[in-house]
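Below is one structure; the comments refer to it alone.
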Amino acid sequence: MPEGHTLYRLARTIDAHFAGRAVSASSPQGRFAEAAALLDGTVLRGAESYGKHLFVDFEGDRQVHVHLGLCGKFAVSDGEAREPTGQVRLRLVAPGGDGRPPAYGDLRGATACELMTREQQRVLVDRLGPDPLRADADWTRAWQRVVRSRAPVGGLLMDQSVLAGVGNVYRAEVLFRHRVDPLRPGNTLRRGTFEQIWNDLVLLLADGVRRGRIVTLEDQVLAVEAALGRGEVPRLTERSSSVYKQAGMPCPVCGSKVRTQVVAGRNLFWCGRCQRRR
DNA sequence: GGCGCATGCTCAG
DNA sequence: TGAGCCTGCGCCC
């Protein structure tokens, strides 16, 4: 499920299976057929993510830009490619025989799959805020946007021009972890609080890359269990998140019911009692 | 089998 | 602000 960690992991997986190999490219579904024909038989140089965007670099300055959107998937497997099923927008195949095992990858359901030049890629990336997964990210760029905005911080964290790679899960969870009210205007947040949020996002996204899924609750569970010394909070250990999708469930810290509200078309979750910090 | 929903985003109004 | 789009899944009948 695609927040920034998914794309980072995907870029590494594509690198591991295809980098430096001549690949065959096709579009069984047909919607990427012309571009796939241009790529077919050329060398895939590598893959890179920036926020929720994936760029696959082919020789001849051809970049495949992929955005998975809400329900896109790029499934990469070892072995001989099977007959494609369903709507496969882009299929990459490395047939083997080059001293490496065969591999293939199928892209489905993506919001964006398009060919661009390195220059077009640069323009696109320039519109994005810093990505916590990138070593060269400058968090103060994001802070400058936050501190000048009256928009709720819960919305700002999801704004990809402010911060790249954070989605609905990470924004809810990181605000909970730092006890910040998601509805608080950005310009009322303290710089030190935002710096802590950023540093936590760096850790959380890196953890998401390692695990292949988002887990933000574990330390909270341990804290509650230590404090209570009894299994009083129901279903807590089944959770991987503290507030995300936990509407009506007890807050793992104070036990009051997790609240939810649609903000900018997306479901926001938070604890009204714990999250009051500036 | 139909429906609604989902970790996203764009565009019209 | 709401509709639309991409696909898959779980739920309900």
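Please treat every number below as a calculation from the coordinates, not as lab data. Everything numeric here is computed off the predicted structure, so don't read it as measured data. Neighbour counts run over all protein chains shown; Cβ positions are idealised from the backbone, glycine included.
Observations on the structure shown:
- Prolate is the label for chain A, because a/c, from the alpha-carbon gyration tensor with a ≥ b ≥ c as root eigenvalues, is 1.5 or above and a/b exceeds b/c.
- Each residue of region A:118-126 was assigned a 3J(HN,Hα) from its phi angle through the Karplus curve 6.51 cos²θ - 1.76 cosθ + 1.60 (θ = phi - 60°); the sequence is 4, 5, 5, 4, 4, 4, 5, 5, 4 Hz, with glycine and proline shown as x.
- Semi-axes of the equivalent ellipsoid of region A:104-224 are 26, 21, 13 Å, computed as sqrt(5λ) over the eigenvalues of the C-alpha gyration tensor in descending order.
- Taking A:Leu124, A:Leu44, A:Leu157 as the candidate residues, the one with maximal mean-square fluctuation in a Gaussian network model of chain A, Cα springs under 10 Å, is A:Leu124.
- Label-point separation in nm, A:Asp207 to A:Arg276, each point 7 Å along Cα→Cβ: 2.6 nm
- Applying 1/(1 + (r/R0)^6) with r as the Cβ-Cβ distance of A:Asp136 and A:Leu115 and R0 = 25 angstrom yields a FRET efficiency of 0.45.
- Candidates per trypsin sites (Lys or Arg not before Pro) in region A:116-184, loop by DSSP, up to 11 other Cβ within 10 Å: A:Arg127, A:Arg148, A:Arg150
- Here region A:103-143 and region A:1-73 have alpha carbon centers that stand 12 Å from each other.
- A crude spin-label estimate for the pair A:Arg122 and A:Leu38, with each label 7 Å from Cα along the Cβ direction, gives 1.9 nm.
- Amide H partners (placed H, <5 Å) of A:Gly272, local residues excluded: A:Arg259
- Model label sites at A:Lys245 and A:Arg179, defined 7 Å from Cα along the beta-carbon direction, differ in position by 2.8 nm.
- Prolate/oblate/rounded label for region A:1-113 (Cα gyration tensor, a/c 1.5): rounded
- Cα long-axis angle, helix A:218-228 against chain A (0 to 90 degrees, to the nearest 10): 20 degrees
- Average Cα contact separation per residue, chain A, under 8 Å, 6 or more apart, as relative contact order %: 16 percent
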